[in-house]
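Below: the structure, in structure tokens.
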2 protein chains.
Amino acid sequence: MSKDQLISYVKKFVPLDDIEAKQFVSNFEEVNVKKRQFIVQPNFTNKHRVFVVKGAFRSYALAPDGQEHTLQFAIENWWVSDFNSYIYQHPSTLFIVALEDSTILQIEFNKEQELKKVNHKFETFFRIMAEKGLAFEHRRIVINLTHSAEERYQNFLSNFPNFVQRVPQYALASYLGMTTEFLSRIRNKRAKKS
Amino acid sequence: MSKDQLISYVKKFVPLDDIEAKQFVSNFEEVNVKKRQFIVQPNFTNKHRVFVVKGAFRSYALAPDGQEHTLQFAIENWWVSDFNSYIYQHPSTLFIVALEDSTILQIEFNKEQELKKVNHKFETFFRIMAEKGLAFEHRRIVINLTHSAEERYQNFLSNFPNFVQRVPQYALASYLGMTTEFLSRIRNKRAKKS
DNA sequence: CTTATTTCTTGAACTACTTCATATTTATTG
DNA sequence: CAATAAATATGAAGTAGTTCAAGAAATAAG
């Protein structure tokens, strides 16, 4: 059952007894999402924090000139949301779209607040999630500032080999801050020579 | 007294009675830091989370080619650390240097763990800090991906007018992902014409 | 208050990456 | 399994931003 997957995920960070585990996941709702379906859209408040049970998602911003810029990818056992929209409960500025037919577990903002209030361990869990997320984004920013387009791609390859097969090239390119054409050239450069 | 400044900062996020406030800040040590002094250096583990009481700091990565890339600025009522080094207690990869003579309040990693364990409110506080930090970095990444060098500068100007006077141009340029020469041109372009 | 050091400025040549346009391949749908 | 759409590939021309070099201005130090 998909909720067991979430329970074992949470237990990696905080110890939970059976009652706590059950209470935690009872606040989550399972939803199936078809490929190309949006779960978050600009101007609508992102009401849920979502855990990916199966499938893949991509969050992106749409620039005035129509270009899409990928902020985040998420596959099994990752979380997705427009974090600014979710934590402040303000209208979103991002799209979040399914890259594959997917299954998610989502919790409403208010229920999450309740969980954090009622049990110190749940508070700790969400603290750890935020800290890991922040540390992750710091690493990303440093890499973006210090590396060339090709180095950023190679770095992504070695850090997230399992993502590479599952995300379209144009989305990966925009995640890495380059055009899909340029990423295409990077990828085919080595192959070409041989 | 500088610890009062920290107390009123914390109270903006979680309600604390006098005993709790006193307990919280008793774990912090006040330190004076001279301009150009380093409080974090690569290969040494970042042992403290630091709150800036007075002054200004800058954290940066040093690229193999010798270029400095600014990850973060911090002035009064901001926090600084090499977050990856601090939360995982691994060796740092960044420098953190004082841009002015400064006063900080620092807490040791173990003492912070203790605080979070002992009182749910303290856990909540650090959760909120991490969440706000993560939301902030998400905004930064979107801006970096979607805006030109000049737009990033203008955006920084309007969001952080009080930082601009206090950070050297080369540091701001590298924060914004451009060279100091290019930022100089952006700044002098408008003035030139009139 | 003079000298040394650091930071900022400006020009000119350069390059990493983009843009545009079109062809090719791969996926999706009836 | 055709037909259509979506994603990728590739060439050629363009540009935002870099690099290098050298001078001017501002800060720091004796």
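The values are calculated or read from the model by the stated rules, or taken from the named source; none is laboratory data. Note that the coordinates shown come from a computational prediction; the quantities given were computed from them, not determined experimentally. Neighbour counts run over all protein chains shown; Cβ positions are idealised from the backbone, glycine included.
Numbers at a glance
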{"read-out": "All positions within segment B:96-131 that are closer than 22 Å to residue A:88 by Cβ and either in contact (Cβ under 8 Å) with a residue 24 or more places away in the chain or under 14 Å from the mean Cα position of the chain (by Cα) (or both)", "value": "B:121, B:124, B:125, B:128, B:129, B:130"}
{"read-out": "Single unsatisfied condition, residue A:145 versus (1) under 28 Å from residue A:51 (Cβ atoms); (2) touching a His at 6+ places or on another chain (Cβ under 9 Å)", "value": "(1)"}
{"read-out": "Scan of segment A:136-175 for residues that are of a type in the set (D, E, K, R) and either within 14 Å of chain B (Cβ to nearest Cβ) or within 11 Å of DNA strand D (Cβ to nearest atom) (or both), ordered by number", "value": "A:137, A:139, A:140, A:151, A:152, A:166"}
{"read-out": "Segments classed as helices (runs of 4 or more DSSP H), wholly inside segment A:101-168, with at least 1 members that are farther than 20 Å from residue B:130 by Cβ and within 16 Å of DNA strand C (Cβ to nearest atom)", "value": "A:120-146, A:149-159, A:161-164"}
{"read-out": "Selection count where residues are within 14 Å of chain A (Cβ to nearest Cβ) and away from DNA strand C (no atom under 12 Å from the Cβ), scope segment B:176-194", "value": "1"}
{"read-out": "Residue A:95, sole failed condition from (1) assigned by TED's automatic domain parsing to the domain that holds residue A:10; (2) within 16 Å of DNA strand C (Cβ to nearest atom)", "value": "(2)"}
{"read-out": "Output for segment A:71-87, where each listed residue is surrounded by 15 or more Cβ atoms within 10 Å (Cβ to Cβ) and either of a type in the set (S, T, N, Q) or over 23 Å from residue A:12 (Cβ atoms) (or both)", "value": "A:71, A:72, A:81, A:82, A:84, A:85"}
{"read-out": "Test: residue in segment A:23-41 that is away from DNA strand C (no atom under 16 Å from the Cβ), free of Cβ contacts under 8 Å to residues at least 12 places away in the same chain and of a type in the set (Gly, Ala, Ser)", "value": "yes"}
